[in-house]
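Following: one structure in structure tokens, then a few remarks.
Just so it is clear, none of the values below were taken in a lab; they were calculated from the coordinates. Model, not experiment: these values are computed from the prediction.
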Amino acid sequence: MNMKVIILAGGLGTRLSEYTKTIPKPMVKVAGYPIIIHIMKHYVLYGFTKFYIASGYKGYVIKRYFKNFRRNGKVFKHKISNKLCDVSIVDTGLKTLTGGRLKRLENYVNDNENFFFTYGDGISSVNLRKLLSHHKKMKKKITVTAVRPPARFGELKVKNNKVISFKEKPQINQGWINGGFFVAQKNFFKLIKNDFDILEKKPLESASKQGELSAFKHYGFWKCMDTVRDKQVIEEELKKKKL
């Protein structure tokens with residue numbers, strides 16, 4: 001089944017202002033392509049080719065990028081990794097917050113249908129088929145990919161004033177964070193009230209309190225592009241063909 005993939009691509013991206021003054025963050029180029037294309041390529045790799053881009057800030061730049069491709073009504077036909085994809089770009093408002101952007105796509109998802117969604121600035125090697133299988137097995141409203149981030153700074157282990165271990169930005173062994181690759185049932189939309197709901201606040205917190213939020217643990221590569229340095233790290237990984 002070719003599940004729908006929603007990509008949240010409407011935020012201001014202020015922490016990457018070197019680029020986002022003129023283009024939305026998902027359109028920032030990494031290794032020759034906008035990062036959103038790399039995200040889409042990852043879904044295509046697992047056979048998912050039906051995309052809904054929730055645009056907002058400078059959404060016309062995204063439309064302009066896809067406009068040269070064959071169009072059928074409101075759907076763009078675009079080849080990604082040699083697979084013909086359906087790409088719908090939906091204007092979800094300039095000031096709409098993450099939960100509200102997702103809510104604006106509610107009518108595009110059928111009843112009793114699972115769907116993927118993710119942010120427009122994160123790259124990962126997550127196995128999407130295993131993520132989907134986990135979601136179906138857990139039978140919860142929503143599943144989040146849980147990742148362990150690298151530490152921001154190097155880690156020293158000191159004993160008697162001697163450094164016995166030095167690790168430059170090691171992977172954190174304790175704790176998990178939101179890795180941004182989700183699978184949800186349509187009834188998750190009921191937990192989002194309006195445009196001003198932040199996805200990571202009430203909707204996901206409510207799902208957690210209800211016992212309706214499951215976690216799929218991903219131990220492989222994951223990186224969110226918040227800074228120029230993040231952009232460089234993602235470029236290095238893409239050049240190594242790890243993704």
Q | Too-long pairs where the Cα-Cα distance tops 21 Å, listed order kept, from Lys50/Lys77; Lys202/Lys231; Lys41/Lys231 | A | Lys202/Lys231
Q: Would you kindly state how much longer the chain becomes between Lys202 and Leu12 on full extension, computed as 0.36 nm times their sequence separation minus their alpha carbon distance, in nm to one decimal?
A: 66.3 nm
Q. For the range 26-105, what relative contact order do you get, as a whole percent, if you take Cα pairs closer than 8 Å and at least 6 residues apart?
A. 30 percent
Q.
In whole Hz and in residue order, list the ³J(HN,Hα) couplings for the range 209-221 that follow from phi through the Karplus curve 6.51 cos²θ - 1.76 cosθ + 1.60, θ = phi - 60°; x for Gly and Pro.
A. 4, 7, x, 10, 10, 9, 10, 9, 7, 10, 9, x, 5
**Q.** Potential extension, Lys41-Asn82 segment - 0.36 nm per residue separation minus Cα distance
**A.** 13.8 nm
Q. What are the ³J(HN,Hα) values, in whole Hz, obtained from phi via the Karplus relation 6.51 cos²θ - 1.76 cosθ + 1.60 with θ = phi - 60°, for each residue of the range 109-125 in sequence order, with x given for Gly and Pro?
A. 9, 6, 4, 6, 10, 7, 8, 8, 8, 7, 8, x, 9, x, 10, 8, 9
Q. Sorted from largest down, what three extents in whole angstroms do the Cα atoms of the range 180-243 have along their principal axes?
A. 41, 25, 18
Q. By how many nm would the segment from Lys95 to Gln232 lengthen if fully extended, with 0.36 nm per residue of separation less the alpha-carbon distance?
A. 46.4 nm
Q. So which residue, out of Asn107, Asn194, Asn178, gets the largest mean-square fluctuation from a GNM of the chain using Cα contacts under 10 Å as springs?
A. Asn107
